[in-house]
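Read the structure below first, then the notes.
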């Protein structure tokens, strides 16, 4: 019994080159259709997310709808087994389990024949089937070992030197710390960074019009979080583009304070005082990004800062010491053409805001903000407000600034989908030793999709 379980786990393990930077792993192809309601709906608003954009390109030699059991059966691929897709330089690689070798070979050989003269060889005891074009290039190939097969396409480049690698991965499951993490985070589809000092996994699951992405990582440059616990900001919430609540490990506070203050206009004035105040910060904090309002373009640092109307709230342990530091501030040093920055103390909470109305709403929300926070970081995003903010990016300025051009592209591609989304929420936790885990849930607005073909 134990041997049988071990054998099944080996047969269903991902297969990918050790050198691959990113690997997509589908543990069971027959479960991929669980993602279709979300991606079909999302794809009606965003071309990039349409199922047609990815479900027929999973195998480099066989065009097949991986969400269809009958389609997989026609080409001899086992829908009850997995698929691994990876990139190695310019080459794309996919590994599958074969249910009918004759059907599979017929489908794969048809593509090889279109690329050149088909030939067969044996590499390290594994059968290799490939094609050579008139220029002598081997543009594609696949290997078979029992019921396992791995295929490769060079997309115009020769892959002949990859035969030993294909023969190796088809006989041995992929290894690496990223795959160890992936085994702990089940998903219909998993995107894995398999090795190196920075590795991790994102696992996708969906139910109806809600997509859940769970992640684990180790070695990423993320702050150490304090985890769940009571906080005067643990239940902080008020309408806005985004609300973030955080409990940061005390040892991380000074570094994070410096990083944040350096982004502020007038940072030269604020940074020395912030360093003095940092020992009084407990690590409990919240951020309200209320809305976007572009009034003077986005060319300058100040214009970009004031375009997002926001407030930062930080709990302090010594209000008297912090108040004494604030008394040294000259308000004129925090006034700019684009707006003014306010730094005030409300009881035991320091409030830094770039908009008077947003500051007032944040302060009002403090009355009901105390509570137990369930995770190191928790966040809620209003996707409709994000879409409206992206619409305000000036097109003429985007031509001259690559970072703004990216925002315009995001607004064009994702804006309609964001307007049809209800909410995006999630959390992040630290596990020690540079490890983190988190979740993002993207909920579409069901009312926006009533009557859409194939959706609702």
- prompt: Which of (1) crowded, with 16+ Cβ neighbours inside 10 Å; (2) closer than 30 Å to residue 252 by Cα; (3) over 25 Å from the mean Cα position of the chain (by Cα) is the odd one out, the single condition residue 375 does not satisfy?
  reply: (3)
- prompt: Is it the case that residue 247 is assigned by TED's automatic domain parsing to the domain that holds residue 321, within 30 Å of residue 196 (Cβ to Cβ) and without any contact (Cβ under 8 Å) to a residue 24 or more places away in the chain?
  reply: no
- line: Requiring at least 2 residues that are assigned by TED's automatic domain parsing to the domain that holds residue 39 and either farther than 19 Å from residue 20 by Cβ or out of contact with any helix residue (DSSP H, G or I) (no Cβ under 7 Å at 6 or more places or on another chain) (or both), the strands (runs of 3 or more DSSP E) wholly within the stretch 61-167 are 83-88, 91-97, 117-123, 126-132, 138-145
- prompt: Just one of 353, 333 is over 23 Å from residue 427 (Cα atoms), more than 31 Å from the chain's Cα centre (by Cα) and either crowded, with 21+ Cβ neighbours inside 10 Å or in the same structural domain as residue 305 (by TED's automatic domain parsing) (or both); which is it?
  reply: 333
statement: Taking the stretch 283-320 and keeping only residues that are free of Cβ contacts under 8 Å to residues at least 40 places away in the same chain and either in a strand (DSSP E or B) or crowded, with 19+ Cβ neighbours inside 10 Å (or both), one is left with 303, 314, 316
query: What number goes with the only condition from (1) part of a strand (DSSP E or B); (2) within 21 Å of residue 41 (Cα to Cα) that residue 379 does not pass?
result: (2)
query: Does residue 411 count as in the same structural domain as residue 246 (by TED's automatic domain parsing), surrounded by 19 or more Cβ atoms within 10 Å (Cβ to Cβ) and either touching a strand residue (DSSP E or B) at 6+ places or on another chain (Cβ under 6 Å) or more than 19 Å from residue 237 (Cα to Cα) (or both)?
result: yes
- request: Spot the failing condition for residue 278; the list is (1) assigned to a helix (DSSP H, G or I); (2) under 16 Å from residue 260 (Cα atoms); (3) out of contact with any helix residue (DSSP H, G or I) (no Cβ under 7 Å at 6 or more places or on another chain), and only one is missed.
  value: (3)
query: Considering the stretch 294-318 alone, what residues qualify as being touching a strand residue (DSSP E or B) at 6+ places or on another chain (Cβ under 9 Å) and closer than 20 Å to residue 246 by Cα?
result: 308, 309, 310, 311, 312, 313, 314, 315, 316, 317
query: So residue 314 clears everything in (1) within 21 Å of residue 236 (Cβ to Cβ); (2) touching a helix residue (DSSP H, G or I) at 6+ places or on another chain (Cβ under 7 Å) except one condition, right? Which one?
result: (2)
query: If residue 268 satisfies every condition in (1) at pLDDT 95 or above; (2) out of contact with any strand residue (DSSP E or B) (no Cβ under 7 Å at 6 or more places or on another chain) but one, which is the exception?
result: (1)
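The values are calculated or read from the model by the stated rules, or taken from the named source; none is laboratory data. The structure presented is a predicted model; accordingly, all values stated were derived computationally and were not measured. Note that we place each Cβ from the backbone using ideal geometry, even for glycine, and neighbour counts take in every protein chain shown.
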